[in-house]
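*Asks:* Structure in structure tokens, see below.
Every number here is computed from the coordinates shown, using simple stated rules; none is lab data. No experiment lies behind these values; they were computed from the predicted model shown. FYI the Cβ positions are ideal-geometry reconstructions off the backbone, even for glycines, and counts take in every protein chain you see.
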Amino acid sequence: MFIINCPYCGERDQTEFSSGGEAHIVRPKQPTELSDDEWAEFLFMRKNIKGIQFERWNHSHGCRKWFNVVRDTSNDKIHAVYKMGEKPPVNK
Amino acid sequence: MLNFETTLQVSKSYGDLTLSEVEPILKINLRSNKREFSTKIGKLLSIIPPIEANTSSSNEDYSILWLSPDEWLIYSNNKISYEQQNLLEENLFKNISNINQGSVTNVTDHWVMINLKGSKIYDLLSKSSPYDFKNFKMKKGSVAQTLLNHTDVILHNTDDNNLNLFVRRSFSEDLWLWINDSARFL
């Protein structure tokens, strides 16, 4: 259990949010030219590291907006929260 | 013909605490990210949609709650008939939706509004909500969207120890039973 600072509503409990997986995955420009392996890499493969991870979260029981979170998966410490489309405030 | 019967229709009180459904009132959901939207609503209802998060603005007839940066909920402070509700909705729809200024959705039958009154309402809500009511109860007019007993609710602080709770119709009976059950133990 941890508290997330929603960039729109302020600090709320984690139970109000849902996680949307890894952030900043860029869709390939020409999907038709990719091999099946490369496409599967984009579609399914996600990092699950112990340490600092860039994630998408949705305030599903509040303002229903998406945003990005930089979270340390080993201790659930949140290093930064920023809106969709913004550059990560720490180096990725 | 739609059946407008409400699910609750009763009022209960437990010592200091009073619970009742307020009905029929108009509820309209507004969505827009257009610049002229605010002034449009101001002209039509003489009320400006709040920009600041978790706040609301009210006049004699209506309250407008902030739900997200581009979404608001309007409800009437007084009971009004369905004929009047339809007229108002039509007026908003003509002046906003029809000219692509945003969307107007009548959610009168989507939300059920329950009024909670009494000094122990925050004790009751804190029993099953992850929300921190410290700032909410201090500031009249604050709005919170959160969970109560695993159900989505919108809370609007209308006065000291007086709040309006919006719950989706299909969940309203379940939440009503939970509220009544919990209120017995306050």
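*Asks:* Only Cα pairs under 8 Å and at least 6 apart count here; give the relative contact order of the stretch A:3-83 as a rounded whole percent.
*Replies:* 31
*Asks:* Also, quick follow-up: What FRET efficiency would be calculated for the residue pair A:Met45, B:Lys34, taking the C-beta separation as r and a Förster radius of 35 Å, to the nearest 0.05?
*Replies:* E(calc), rounded to 0.05, equals 0.30.
*Asks:* Follow-up. Excluding residues on the same chain fewer than 8 positions from B:Lys43, give the lysines whose Cα lies under 26 Å from its Cα.
*Replies:* Of all the lysines, those that pass the test against B:Lys43 - Cα under 26 Å, at least 8 places apart if same chain - are B:Lys27, B:Lys34, B:Lys79, B:Lys94, B:Lys140.
*Asks:* How are the alpha carbon pair distances in the protein assembly as shown distributed across 5 Å bins from zero to the largest one, expressed in percent?
*Replies:* 1, 5, 11, 14, 15, 14, 12, 10, 8, 5, 3, 2, 1, 0, 0
*Asks:* What's the Kirkwood radius of the stretch A:3-83 in Å, using all Cα pairs?
*Replies:* About 14.0 Å for the stretch A:3-83.
*Asks:* Take A:Val26 and B:Glu52, extend 7 Å from each Cα along the Cα→Cβ direction, and tell me the distance between the two endpoints in nm.
*Replies:* 4.1
*Asks:* Oh, and also: Looking at the stretch B:85-186, which GluC sites (Glu not before Pro) are DSSP coil and have at most 14 other C-beta atoms within 10 Å of their C-beta?
*Replies:* none
*Asks:* Now a separate question. About the Cα centre, and with charges only on the beta carbon of Lys, Arg (+1) and Asp, Glu (-1), how big is the dipole of the protein assembly as shown? Nearest 20 debye, please.
*Replies:* About 680 debye.
*Asks:* Over all Cα pairs of chain B, how is the pair count split among 5 Å bins, expressed in % and running from 0 up to the last occupied bin?
*Replies:* Bin by bin from 0 Å, the calculated values are 1, 8, 17, 21, 20, 16, 10, 6, 2, 1, 0.
*Asks:* For the stretch B:27-107, what is the convex hull (Cα atoms) projected area averaged across all directions, in square nanometres?
*Replies:* Seen from a random direction, the Cα hull of the stretch B:27-107 projects 4.7 nm² on average.
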